[in-house]
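Q: The structure is given below, and queries will be raised subsequently.
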Amino acid sequence: MKKLVAAALAIGLAAPLASVAAGAADIPHYPIKDPPRLSWSFAGPFGTWDKGQLQRGLKVYTEVCSGCHSLNMVAFRNLTDLGYSEDQVKGFAASHQVTDGPNDQGEMFKRQGKPNDYFPAPFANTEAAAYANGGAAPPDFSTIAKARAVESGFPGFVFDIFTMYTTKGPDYVHALLTGYQDPPKGMRVPQGGYYNPYFHSAAFLKMPPPLSDGVVKYDDGTPETVDQYAKDIAAFQMWAAEPHMVERKETGFVVIIFLAIFTVLIYYTKKAIYSRLDDH
C-alpha cells in the first residue's frame, strides 16, 4: 500500500514539474538575436572619444531623434566637450525654445535657450509622449546606452570581464536601429508593430525604422548610410550617458601605476626593516 501511495505521489509531482519545464522551454528569450560586437574608439582601458563622430551623432539626434526622444540630463554647455566653441554652443542653444518661469503673472513662458539650459523635451510629460506615440513613451536618450546593455549569460560574462567588454549598450543601439526586417514566416506582428529581433523585450516594437540612407547630410564626407547613422548616434548616446568616461579611465590608469609603485616601495621597505631585525 505504501508503495502505491509513493508511486502516485511521484506521478502527481512529476506531471506539474514536466508541465513547468515545457512551459519554460516555450518562453522566448529576448533579444532573439544578440547584437554584433563592433569596434568603438572609446572601447577598452585606453579608449578615447572620436569628437567628429560625436558631432555627427548630435546632428542625427537633432534632425531625426529629438522629435520623439528627450535628452534631459545633457546641458547645452556640455557640447564644448564635443569640440564646439563657446560661441557655437551659444548659437546652438539659442536655436532652441525652452520653458521658463513663472513670470510676474505666475505663468510659464518660452524663451531662447542659453548654454546653462538643458535640452528641451519634445513632450510636456510622459503621458503626453505616450499618447502621441501609440501608448509607448519614447525613452530618454541620456542614459539609454547604459540602461539597454544586453547582459551576457554564463560563462559569457566571465570572458567579458577579462576582455574588458564595456560597449554592450552602443552595440545594442546600433543593432536595434539597423535590425528592422520582415518577420519570419508564420509570425504575426500586431498592427502598428515592427519586427526587430534585436529588441530587448519583445519580437516587435512600435517605433518605425527611424533612419534611411541620406536622411541626414554630413559635412565631413562621411557615408550617409543607415549603418553609419546608427554608429554615430550610438556613440553620442554613450557620451551622453557617461561624458567623463575618458577622464575616468585616465585617472584609473594613473591610480594603478601609483599603487604598483607604492606596492614595490612597501615590499622593499618591509624587506629592509626585517633584514635588520634578523641581524639582531
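The numbers here are math on the coordinates, done by the rules we state, and not lab data. Nothing here was measured: the structure is a model prediction, and the numbers come from that model. Here Cβ is always computed from backbone atoms with ideal geometry, including for glycine, and neighbour counts include all displayed protein chains.
Q: Determine the alpha carbon to alpha carbon distance for each of 51/185; 185/217; 33/114; 59/206; 59/168; 114/146 and list only those over 31 Å.
A: The pairs that break the limit, which is 31 Å between Cα atoms, are 51/185; 185/217; 33/114.
Q: Go through segment 198-273 and name the GluC sites (Glu not before Pro) that are in a DSSP coil and have 15 or fewer other Cβ atoms within 10 Å of their Cβ.
A: 224
Q: A further question follows. Exactly which trypsin sites (Lys or Arg not before Pro) in segment 155-255 are in a DSSP loop and have at most 12 other Cβ atoms within 10 Å?
A: 185, 188, 217
Q: Under a Cβ-Cβ cut-off of 14 Å, what is the net charge of the residues other than residue 227 that fall near it, where Lys and Arg count +1 and Asp and Glu count -1?
A: With Lys, Arg at +1 and Asp, Glu at -1, the net is -2.
Q: Further, regarding this structure: Near residue 231, which aspartates and glutamates are there with a Cα under 15 Å away, not counting those fewer than 8 places off in the same chain?
A: 50, 171, 213
Q: Continuing with the same structure: Under 15 Å Cα-Cα from residue 271, which aspartates and glutamates qualify once same-chain neighbours fewer than 8 residues away are excluded?
A: Once the sequence-local aspartates and glutamates are set aside, what remains near residue 271 is 279.
Q: Tell me, 255, 246 in order of fewest to most beta-carbon neighbours within 10 Å?
A: Lowest to highest Cβ neighbour count: 255, 246.
Q: Under a cut-off of 15 Å between alpha-carbon atoms, report the aspartates and glutamates in cross-link reach of residue 110, not counting same-chain residues fewer than 8 places apart.
A: Filter leaves 100.
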